[in-house]
């Protein structure tokens with residue numbers, strides 16, 4: 001259990017430092033550890049909540065969250081996340097989708113982040129079209145979806161970098177809450193108890209790692225270094241899951 005606790009701690013530290021939850025990597029680490037795939041999304045989504053809640057609160061206190069725009073995207077995604085959580089999925093399909101999501105996640109980490117402060121914003125008014133599919137994927141395989149939403153919003157020059165990070169954090173938090181509700185309803189009491197047995201120590205690890213990651217990002221480490229390190233970790237875990245490397 002100790003290696004898994006350390007891995008979750010490091011994952012939360014890295015992802016929180018760039019404004020994300022880390023759900024896809026939590027899932028993969030659990031899968032590689034031989035945990036029943038049917039309880040993986042519950043644990044990963046709960047860990048997402050633990051990391052994203054802190055980030056969302058910090059962004060809100062800083063006054064950078066564009067509540068109206070972020071609220072629209074999140075409100076569209078949340079019911080889809082609940083539906084995704086309720087959807088049955090085979091182990092092969094789950095692991096394949098998870099591995100692909102991890103490799104795509106690593107690629108999104110390498111997308112340059114450019115602030116658009118002072119430039120024309122809200123060009124991506126149709127970004128809401130992607131909210132429901134990302135919400136559904138979040139509930140189905142236990143990710144927040146924000147890690148895919150953020151690069152899209154950057155490419156569309158939707159808002160400033162800080163506003164996009166705040167939006168992604170809120171998106172992850174709400175999707176994870178709704179996706180977890182769907183997973184619990186689908187799995188029943190037995191799987192929920194099994195998820196609690198495995199997940200509680202991991203929740204403590206990600207809570208601590210997430211706080212340290214936020215501190216490092218704010219005061220010490222360059223964002224570019226953190227993003228590269230996170231991309232490398234995610235790509236390695238995804239390749240192991242898909243190809244057995």
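Values quoted throughout were computed directly from the atomic coordinates according to the rules given, and no laboratory measurement underlies them. This one's a predicted model, so the numbers in the text were calculated from it and none came from an experiment. We place every Cβ from the backbone using ideal geometry, glycine too, and count neighbours over all the protein chains shown.
State the extension gain, in nm to one decimal, for the chain segment bounded by residue 58 and residue 197, taking 0.36 nm per residue of separation less the distance between their alpha-carbons.
Difference between extended and current length: 47.1 nm.
Full extension from residue 100 to residue 212: what is 0.36 nm times the residue separation minus their Cα-Cα distance, to one decimal in nm?
Here the answer is 37.5 nm.
Give the peptides 173-181, 61-69 in descending order of average Cβ contacts within 10 Å, highest first.
Result, highest mean Cβ count within 10 Å first: 173-181, 61-69.
Which whole-number percent gives the relative contact order of the chain, counting Cα pairs below 8 Å spaced six or more residues apart?
Rounded, it is 39 percent for the chain.
Running a GNM on the chain with Cα contacts under 10 Å, which residue among 187, 210, 21 ends up with the highest mean-square fluctuation?
It is 187.
Would you mind giving the three semi-axes, in whole Å and largest first, of the ellipsoid equivalent to the chain according to its Cα gyration tensor?
Square roots of five times the eigenvalues give 26, 20, 16 Å.
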